[in-house]
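J.: Sharing a structure with you now.
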């Protein structure tokens with residue numbers, strides 16, 4: 001057998017160490033070049049031309065796009081040396097994916113519509129997103145700053161609840177842009193025809209009872225009951241099962257996750273909820289958007305009693321909705337009322353806070369970042385806030401805009417037959433304004449976006465299992481838990497889960513180095529022992 005010399009083994013180990021050293025510099029920021037952290041300039045150079053990019057989302061709503069375009073034109077008239085180029089998206093996840101793709105090449109937008117969950121992922125890069133606290137409080141260029149050329153909103157004029165949602169790891173990384181919540185849209189005409197009164201705050205038991213009642217058969221004819229001559233196809237449809245599970249857990253005070261990224265959702269409390277939901281999935285009294293399609297379509301056709309969707313989607317819901325997605329021949333006449341999502345405790349209302357925020361990316365050019373920050377601020381001015389909030393069931397994120405007379409007049413101009421003043425949309429906006437203190441958000445961390453989807457999948461998989469005829473008992477829920485954990489890689493929770501990506505690589509390399517050192521030590525000992533035995537034999 002050919003012997004491995006001690007020098008050769010030492011050379012092998014040295015090469016291993018060098019390779020590890022070469023790997024370390026590649027561990028930062030997805031392999032991109034390093035960019036220094038942003039420092040607020042003393043002055044803004046208005047003799048220099050800046051070109052900044054803004055990635056926006058507008059739901060294919062041309063009115064929203066025109067509001068953005070007007071805001072850009074008005075801003076550029078104040079700052080002729082800044083040119084803003086907008087890229088429009090119709091889906092937040094597409095923005096998220098594109099930003100992640102562009103981080104490595106530093107081709108992210110300068111200003112971007114986003115969510116804190118997404119920012120938490122962006123922050124795994126090095127100085128990718130600009131922290132905003134120093135910018136927001138800067139005397140010259142901060143919120144309400146002396147050198148800002150427009151009526152900039154002051155920090156205390158932003159709704160505290162909403163700006164509080166923009167902190168990630170204790171640092172302000174976004175400004176709120178618009179806010180919405182979820183609403184329970186009720187076919188009042190049909191529910192009252194069934195003999196029920198509609199409470200100010202419905203309970204889950206109330207919803208489940210009526211939903212099951214709507215599917216009962218007439219004892220004489222054996223046919224399904226008809227409400228106003230209409231068979232109810234699916235009594236209750238929830239648009240976002242992510243929000244459904246998260247909201248139910250919050251209402252019960254049950255575990256979901258903590259701020260450190262520990263996943264707590266796979267609990268006995270969640271299991272009990274899934275088994276209850278399974279009962280109504282089995283009877284088909286309950287369904288979801290992913291299984292049955294958009295709830296507003298069933299609702300507007302009189303085939304659904306209860307639809308839960310965002311207040312931002314209120315313009316699409318109701319028999320007189322101006323943006324209904326179904327043909328007018330399918331729409332039936334009924335009265336729509338808006339209520340909070342169902343509660344377990346009507347004295348302690350809990351409803352999710354959602355809606356887009358704005359974040360600022362670090363281009364490495366402090367002047368360009370400051371120009372982008374000025375534009376970002378402009379999107380919080382009254383003209384933009386009140387105009388955008390009137391397009392759908394959003395509410396402005398500033399007290400200044402909420403108290404603006406034009407916005408107050410808008411809220412008081414409810415008209416069921418008007419597109420702009422559609423009564424259901426107005427009521428949906430009022431719902432959040434009246435319940436801002438009752439709204440909540442979930443902890444934000446790298447991976448929280450995946451956990452949110454996983455929460456919804458627990459419900460989706462449960463209902464699908466029942467529809468296949470598989471009974472969802474304790475063992476079935478345990479199997480669903482394992483499937484969802486693997487699908488979203490939550491089975492790896494706690495294993496380097498809270499450590500930045502570059503630190504993970506460093507630890508892995510160090511572990512490999514120690515393994516190599518141990519291997520070298522053992523091999524060298526064996527070689528020395530073998531050499532000694534050979535010498536003794538000679």
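J.: Exactly one condition in (1) within 17 Å of residue 185 (Cα to Cα); (2) touching a residue at least 40 places away in the same chain (Cβ under 8 Å); (3) out of contact with any strand residue (DSSP E or B) (no Cβ under 6 Å at 6 or more places or on another chain) is not met by residue 212; state its number.
T.: Only one criterion is unmet by residue 212, namely (1).
J.: Separate question: Of all residues in the stretch 136-162, how many are over 14 Å from residue 385 (Cβ atoms) and in a helix (DSSP H, G or I)?
T.: 5
J.: Of all residues in the stretch 44-53, which are touching a residue at least 40 places away in the same chain (Cβ under 8 Å) and part of a loop (DSSP other than H, G, I, E, B)?
T.: 44, 45, 48
J.: Can you say whether residue 34 is at pLDDT below 95 and either within 29 Å of the chain's Cα centre (by Cα) or assigned to a helix (DSSP H, G or I) (or both), as far as the supplied structure shows?
T.: yes
J.: Which of the numbered conditions does residue 170 fail, given that it passes all the others? Conditions: (1) at pLDDT below 95; (2) in contact with a helix residue (DSSP H, G or I) (Cβ under 8 Å, 6 or more places away or on another chain); (3) closer than 30 Å to residue 122 by Cα.
T.: (2)
J.: Give the residue that is farthest from residue 460 (Cα to Cα), with candidates limited to residues of the stretch 295-307 that are touching a strand residue (DSSP E or B) at 6+ places or on another chain (Cβ under 8 Å) and surrounded by fewer than 24 Cβ atoms within 10 Å (Cβ to Cβ).
T.: Checked the stretch 295-307; the qualifying residue farthest from residue 460 (Cα to Cα) is 302.
J.: Then there is this: Pull up the stretch 234-253, narrow it to residues that are within 13 Å of residue 208 (Cβ to Cβ) and out of contact with any strand residue (DSSP E or B) (no Cβ under 6 Å at 6 or more places or on another chain), then point me to the one that is surrounded by the fewest Cβ atoms within 10 Å (Cβ to Cβ).
T.: 248
J.: Looking at the stretch 321-345 only, could you name the residues that are in contact with a strand residue (DSSP E or B) (Cβ under 9 Å, 6 or more places away or on another chain) and under 25 Å from residue 178 (Cα atoms)?
T.: Of everything in the stretch 321-345, those that are in contact with a strand residue (DSSP E or B) (Cβ under 9 Å, 6 or more places away or on another chain) and under 25 Å from residue 178 (Cα atoms) turn out to be 321, 336, 337, 338, 339, 340, 341, 342, 343.
J.: Here's another thing I want to ask about it. Just checking, how many residues over the stretch 284-298 are within 19 Å of residue 312 (Cβ to Cβ) and not in a helix (DSSP H, G or I)?
T.: Count: 3.
J.: Give the stretch 391-420 a look and list any residue that's closer than 10 Å to residue 315 by Cα and surrounded by 15 or more Cβ atoms within 10 Å (Cβ to Cβ), or say none.
T.: Result: 391, 392, 393.
J.: Could you run through the stretch 431-448 and say how many residues are part of a helix (DSSP H, G or I), surrounded by fewer than 20 Cβ atoms within 10 Å (Cβ to Cβ) and touching a residue at least 40 places away in the same chain (Cβ under 8 Å)?
T.: Qualifying residue count for the region: 4.
J.: Another question, then. Kindly indicate whether any position in the stretch 254-277 is in contact with a strand residue (DSSP E or B) (Cβ under 9 Å, 6 or more places away or on another chain), surrounded by fewer than 22 Cβ atoms within 10 Å (Cβ to Cβ), in contact (Cβ under 8 Å) with a residue 12 or more places away in the chain and not in a loop (DSSP other than H, G, I, E, B).
T.: No: the stretch 254-277 contains no residue that is in contact with a strand residue (DSSP E or B) (Cβ under 9 Å, 6 or more places away or on another chain), surrounded by fewer than 22 Cβ atoms within 10 Å (Cβ to Cβ), in contact (Cβ under 8 Å) with a residue 12 or more places away in the chain and not in a loop (DSSP other than H, G, I, E, B).
The values are calculated or read from the model by the stated rules, or taken from the named source; none is laboratory data. Predicted model only: the values in this text are computed from it and were never measured. Using ideal geometry, Cβ is built from the backbone for each residue, glycine included, and neighbour counts are taken over all protein chains shown.
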